[in-house]
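The values are calculated or read from the model by the stated rules, or taken from the named source; none is laboratory data. Being a predicted model, the structure only gives us computed values, none of them experimental. Note that each Cβ is placed from the backbone with ideal geometry, even for glycine, and that neighbours are counted across all protein chains shown. For the accessible areas, the whole protein counts, side chains as well, though only heavy atoms, and no ligand, DNA or RNA atoms are used. Shrake-Rupley method; radii C 1.70, N 1.55, O 1.52, S 1.80 Å.
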Amino acid sequence: MTKDEIKALIDRSLFASLGYTDENGRQNIRRVFCVWHKGLGKHLISTNTSSSHVQSLLKNGSACLYFADDTTFEAVCLCGKANISFDRKYKELLWNEGDEKYYSKGIDDEDYCIIEFIAESGRYYRFDGKADITAHDISTFDEKCVLENGFSKTHS
């Protein structure tokens, strides 16, 4: 797969699987709504501050993010760091009409945060092969990218 094909896979995905380690050292996976991306290296996820995965990530930010298309049998697993952000710019960007049912105080609700996942490396596979993605691959590809809603871009 080319880096552009990997980006297209990420963009057409509505959800990703977030892998992390909890406070007891157990591996966990959480399915997350993830449509905001900057290239291959930065991905934003809105979620509840009080959720167990956020509490685990605050203690150990090592994580992975897995995007897959079951119909084409292709996927990419990105490994990196998950930072918890309360940056209003990100919160406004990811806010959707109806989110107030989850966050009654709106954008400023203390239970509303953003996971900023920063990829450091990865691995992809498809029917025609698999390969690693290096930090250099990610940074070089991302130089030309901007933060955007990839799903809206590919499904409009």
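Note that the chain presents 53 Å² accessible area per residue, ligands and nucleic acids not counted, probe 1.4 Å. Which GluC sites (Glu not before Pro) in the stretch 48-123 pass both tests, a DSSP loop state and at most 15 other beta-carbon atoms within 10 Å? Counting only loop positions with at most 15 other Cβ atoms within 10 Å, the GluC sites (Glu not before Pro) in the stretch 48-123 are E97, E110.
Take every Cα pair under 8 Å whose residues are at least 6 apart in sequence, average their separation, divide by the length of the chain, and the relative contact order is 30 percent. Between R88 and D70, full extension at 0.36 nm per residue minus the direct alpha carbon distance yields a gain of 3.0 nm. Between the listed residues C79, L14, C34, the Cα displaced farthest toward the positive end of the dipole of the chain, a dipole computed from Cβ unit charges relative to the Cα centre, is found at C79.
Using 0.36 nm per residue, how much length does the chain from K153 to N60 gain when fully extended, once their Cα-Cα distance is taken away? The K153-N60 span can extend by a further 30.2 nm. The accessible area of C34, taken with all protein chains in place and a 1.4 Å probe, comes to roughly 0 Å². Among the chymotrypsin sites (Phe, Trp or Tyr not before Pro) in the stretch 65-156, those located in a DSSP loop and surrounded by at most 13 other Cβ atoms within 10 Å of their own Cβ are F73, F86, Y102, F127. Going 7 Å from the Cα of V146 toward and past its Cβ, which residues in the stretch 30-71 have a backbone nitrogen under 20 Å from where you end up? Output list for this probe position: 35-45. Between R123 and R26, full extension at 0.36 nm per residue minus the direct alpha carbon distance yields a gain of 32.7 nm.
For E97 and K3, what does the FRET efficiency come to when R0 = 30 Å and r is the distance between their Cβ atoms, rounded to the nearest 0.05? The pair E97/K3 has a calculated efficiency of 0.35. Sorting V54, V146 by accessible area puts them as V146, V54; the probe is 1.4 Å, largest comes first, and only protein heavy atoms count.
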